[in-house]
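Shown next, in structure tokens, is the structure this report addresses.
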Number of protein chains: 2
Amino acid sequence: MKNYYVAKSRRVRSTPYTSRIENQGVTAYSVYNHMLLPAAFGSLEDSYHHLKEHVQIWDVAGERQVEIIGKDAAKLVQLMTCRDLSKSKIGRCYYCPIIDDKAGLINDPVVLKLREDRWWISVADSDVILFAKGLAIGKNFDVKIFEPNVDILAVQGPKSFRLMEKIFGTKTTEMKFFGFDYFEFEGVKHLIAKSGWSKQGGFEIYVENTKSGLALYDKLFELGKEFNVKPGCPNLIERIESALLSYGNDMDNNDNPFECGLDKFVHLDSNINFLGKEKLKEVRKKGINKKLMGVIIDTNEISVSKSINLTNDENLIIGELRSGGYSPHFKKVIGIAMLNKPYYEVSQKFKISINDEVFEGKVCDLPFI
Amino acid sequence: MKNYYVAKSRRVRSTPYTSRIENQGVTAYSVYNHMLLPAAFGSLEDSYHHLKEHVQIWDVAGERQVEIIGKDAAKLVQLMTCRDLSKSKIGRCYYCPIIDDKAGLINDPVVLKLREDRWWISVADSDVILFAKGLAIGKNFDVKIFEPNVDILAVQGPKSFRLMEKIFGTKTTEMKFFGFDYFEFEGVKHLIAKSGWSKQGGFEIYVENTKSGLALYDKLFELGKEFNVKPGCPNLIERIESALLSYGNDMDNNDNPFECGLDKFVHLDSNINFLGKEKLKEVRKKGINKKLMGVIIDTNEISVSKSINLTNDENLIIGELRSGGYSPHFKKVIGIAMLNKPYYEVSQKFKISINDEVFEGKVCDLPFI
């Protein structure tokens, strides 16, 4: 597969860490929320192994925040998600599918409750801020909505705990998963959450003070030497193995939360008010017509830049592959696919054509590991 | 400046033309509305000269459409823009700043009136569809909002007229600027507008039937041989010379239409109802504090990947450069900059540091040519 350069411009925003990661060997970018998101530091497979054994620092500033503050903040946040937030606690993160009135997914952010009347929506790649603004204006809600100056640094990998303890003490490791708190670094407070887009453990530092964040970035590399720290980024293979879904890749506005296996975040029987609730009740009653599943393919190379059809023995299209990569763990290509009814059963076999060659595969449960 | 690869995935959508332009030598991409937008076919300067002399075919499928259809469609479209559309006509395109309730720019699309109750918003790089959905839900408007399957092909350059005549007849060239109509190609109707993101003349073909669009793509190259047709893309230099503003580059949500020199599209004295109207009246009364202007810089190389400060003799920051490139016409770097009050006057001098070297420049009117 041929490579193409990314054209830089102000519209595709740099992050405070861009010059650092470019000195450290970033080789490819994606664009996420109109911002550069590092996509590779050389070999994807080397990064995969390193992430599973050591600790990496990620520039994930592209995970922008939508701040919603004011009297109606909680009402607006709840309106946008099918997850019941009525018992949510300050200092906790919540994975929340955001859907529209037709129950189509708009985003799948992590929502941080900062105060009863102040929330951050840490968004995947779509302009949730515009949806929130439109709703707030239309409903005449008493809120302020804006993108605060927050540029997340993720510290991921099994050695992230020891590294963070060296800087911030044991209070970091004592935090519960998806908890967050404020920690001081050289006199500046940083919001740090026990979270991140890998299943190898770690933290996300919500950097508001850029100067302090850059000093912290350098400190992480300095103190991280003994843990074999490296710069990194969300890893395609690791995140597929762990079934961390990617909005825009694995699911989009044409899919509803049930079709994406997000059932446990859909609270239809509570008395909360959210968009798409009636539509989702209908879906629950009638059943879904497609479902996101794992797939294993009998080959060891793939590059997915768009959906690839999956067919059965009768050459009928039974689904489409949406993400995929070679897994060193399975020694095969694994991926995430949307399978049509009734083909979304474990062990369902299919064929897939990759670069004009046909391979066999089978459906499996998520996550892989 | 070092180059980085673009990481492809389903989230960064390919277009129907992607495989063609890759065979034809595209070298760099930007990402626009979550879609690949070609950014270079080799030398920017060669493409610039070619565009000004011949004809180019552009894959600008990234200019996505937001279709708004239904009883309240016109009301919703008007609510989003400060341009008075009450006398708008079917079959015409309208450049319309879209602003929020604080008068901050959200997009600057071309709006096509297809019917009284059916509109396309041909958007720059932000998810206007989410803003429209939020507003429609909040206001309980009777509309359907979706992204139709439309992938624009632009035919740009002085020889575009003769090329289009060869395929569609003289009716194409007889259309007025920003008019549109339906034209048949091998039995399939295509909406074609006399428009495009260059000042060299041309058309935009709103391809809904992908199969026919691909055949048309090939036909344009076949019949275009005698006009020296080449694949191309919006050209940074040409568009700056022509002062075609780029949302996200030259302006963003922190700017209002007056600050961007879009005064003629702001209709405060009509009795139409749009968001941000009161705020804009306030701005008109108090005056603006910054303004987009042209700049000419005494150097012949620049690569703008983020805002670059402009300073005066007292080392005070008086503005920021937002786009720039070397103009073969002026034999200098030209650009678009946001200048603070009172420095947005023609001939205002400034200094700018590019790669640690300081250059002199001066402010000028837009457009350059």
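A few comments on the model shown:
- Spacing of the two label points (7 Å from each Cα toward its C-beta) at residue B:329 and residue A:188, in nm: 4.3
- Size of chain B from its Cα atoms: along the principal axes, largest to smallest, the extents are 66, 50, 41 Å.
- Given charges at Cβ of Lys, Arg, Asp, Glu: segment B:290-369 dipole, positive-most of B:369, B:317, B:355: B:369
- Segment B:290-369, dipole about Cα centre (Lys/Arg Cβ +1, Asp/Glu Cβ -1), debye to the nearest 20: 300
- Stokes-Einstein translational diffusion, segment A:170-318 - Kirkwood Rh over all Cα pairs, 1.306 mPa s, 10 °C, in µm²/s: 81
- Across segment B:94-103, rounded Karplus estimates of 3J(HN,Hα) from the backbone phi angles (6.51 cos²θ - 1.76 cosθ + 1.60, θ = phi - 60°) give 10, 6, 10, x, 9, 10, 9, 5, 9, 6 Hz, Gly and Pro being marked x.
- Each of A:279, A:285 was scored by other Cβ atoms within 10 Å of its Cβ. Arranged with the fewest first, they read A:285, A:279.
- Copy-to-copy label separations for residue B:281, where each label sits 7 Å from Cα toward Cβ, in nm and ascending: 4.3
- Chymotrypsin sites (Phe, Trp or Tyr not before Pro) within segment A:153-206, DSSP loop, no more than 16 other Cβ atoms inside 10 Å: A:177, A:178
- A simple count of charges around residue A:98, restricted to other residues whose Cβ falls under 11 Å of its Cβ and scoring Lys, Arg +1 and Asp, Glu -1, yields -1.
- Alpha carbon centroid spacing (whole Å) that separates segment B:323-369 from segment B:213-265: 21
- Amide H partners (placed H, <5 Å) of residue B:207, local residues excluded: B:151, B:152, B:153
- Between amide H atoms placed 1.01 Å from N, distances below 5 Å from residue A:32 occur with A:37, all of them 5 or more places distant or on a separate chain.
- Cα-based Kirkwood hydrodynamic radius, segment B:1-134, one decimal, Å: 16.9
- Of B:233, B:93, the sequence from fewest to most neighbouring Cβ atoms within 10 angstrom is B:93, B:233.
- Sequence-distant residues sharing a close amide H with residue A:107 (under 5 Å, placed H): A:98
- A point 7 Å from Cα along Cα→Cβ stands in for residue B:303, and the other copies hold the same point at 2.1 nm, listed in rising order.
- Largest-first ellipsoid semi-axes for segment A:289-369, taking √(5λ) over the Cα gyration tensor eigenvalues, angstrom: 17, 15, 11
- DSSP beta bridges in segment A:289-369 [antiparallel fraction, %, rounded to 5]: 100
- Taking 1.567 mPa s as the viscosity and 4 °C as the temperature, the Stokes-Einstein diffusion coefficient of segment B:267-328 based on its alpha-carbon Kirkwood radius rounds to 86 µm²/s.
- Residue A:350 sits among other residues whose Cβ lies under 13 Å from its own Cβ, and their net charge, with Lys and Arg +1 and Asp and Glu -1, is -3.
- Cα gyration tensor category, rounded, prolate or oblate, for the protein assembly as shown with a/c compared to 1.5: rounded
- Counts of other chain beta carbons within 10 angstrom of each beta carbon in peptide A:121-129 average 4.
FYI, it's all coordinate maths here, none of it is from the lab. Predicted, not measured: the structure shown is a model, and the values here were computed from it. Cβ atoms come from the backbone with ideal geometry, glycine included; neighbour counts cover every protein chain shown.
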